[in-house]
1. Can you find even one residue in the range 29-42 that is closer than 13 Å to LEU70 by Cβ, buried (at least 19 other Cβ atoms within 10 Å of the Cβ) and touching a residue at least 12 places away in the same chain (Cβ under 8 Å)?
2. Restricting attention to the range 12-26, and to residues there that are in a helix (DSSP H, G or I) and of a type outside the set (A, V, I, L, M), which single residue is surrounded by the fewest Cβ atoms within 10 Å (Cβ to Cβ)?
3. Would you point out the residue of the range 144-172, among those that are over 15 Å from the mean Cα position of the chain (by Cα) and hydrophobic (A, V, I, L, M, F, W, C), that is surrounded by the fewest Cβ atoms within 10 Å (Cβ to Cβ)?
4. Checking GLN5 against (1) under 24 Å from VAL163 (Cβ atoms); (2) more than 15 Å from the chain's Cα centre (by Cα); (3) assigned to a helix (DSSP H, G or I), which test does it fail?
5. Taking the range 24-44, which residues are within 18 Å of SER73 (Cα to Cα) and among the charged types (D, E, K, R)?
Amino acid sequence: MITKQHGAEKIAAWLRHEITQGQLVAWAEEAIREGDFPEADAPELAQVVGRLGLADVKDFGLAWDDCEALLKSLGFTAKVEITAASIAHAAGVAAHAGQCRRDVPLCHAEAIEEKQMKALALHERVALKRDLKEHQLRAGDVAYLVDFVPHPTLGDEGAVIEVFNVVGESIAVATVPLSELEPLAGDDVLAVRRRNVSGAGDAD
């Protein structure tokens, strides 16, 4: 079971460079897929874990302020301790955090298609607009919209999606910007393709 303590420890491990961004994102997406949260803390944990899953998306990133806010929502506070032997490491952490988020203007109306935002609803099927090679998914693949993830600076929202195979088994959970999803239309046609799970790339 994933608790608030687990979430705080993962954030702390990332800040200390004990895990990579990729490992943090992979952990978050697996946690979302399992969905094993204490009932009382499920809403807060789902939001935090969903946000961590977007750490590798350029418009989101994961800066120090983000980590502070996430830790606070979990009931923890962040504190930096610097000693003579750790100054270089602390500077590296600060530089790492500063590089992880691109400045996003507060006025973001042009970045979000309002029509599309209104058309997407939780627990409905959506289509990917680009390939997700790390999950062996292609543009046009159909997924279920599981949750929304607010942007830290009012930019394009994020989304948690889950993909199932043709027999109803969950095969992937991913976090993507909402703008990379589109609603299904009446003239769309579902198709079947083989998914390569060996990690060698997509099958033709």
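1. no
2. GLY22
3. Per the criteria, the residue is VAL167.
4. The single condition GLN5 does not satisfy is (1).
5. GLU39, ASP41, GLU44
Residues are listed down the side, and each one gets a yes or a no for (1) in contact with a Phe, Trp or Tyr (Cβ under 9 Å, 6 or more places away or on another chain); (2) at pLDDT below 90; (3) of a type outside the set (A, V, I, L, M, F, W, C); (4) not in a loop (DSSP other than H, G, I, E, B):
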| position | (1), (2), (3), (4) |
| --- | --- |
| ALA139 | no, no, no, no |
| LEU145 | no, no, no, yes |
| ILE161 | yes, no, no, yes |
| VAL176 | no, no, no, yes |
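Listed here are the residues, each with its yes/no results for (1) part of a helix (DSSP H, G or I); (2) modelled with pLDDT under 85; (3) among the small types (Gly, Ala, Ser); (4) within 24 Å of HIS135 (Cα to Cα).
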| position | (1), (2), (3), (4) |
| --- | --- |
| ALA28 | yes, no, yes, yes |
| PHE37 | no, no, no, yes |
| ASP41 | yes, no, no, no |
| GLY50 | yes, no, yes, yes |
| ASP56 | no, no, no, yes |
| LEU62 | no, no, no, yes |
| ASP65 | yes, no, no, no |
| ARG101 | no, yes, no, yes |
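The values are calculated or read from the model by the stated rules, or taken from the named source; none is laboratory data. What you see is a predicted model, and the numbers here were worked out from it, not measured in a lab. Neighbour counts are summed over all protein chains in view; Cβ atoms, including those assigned to glycine, are modelled from backbone coordinates with ideal geometry.
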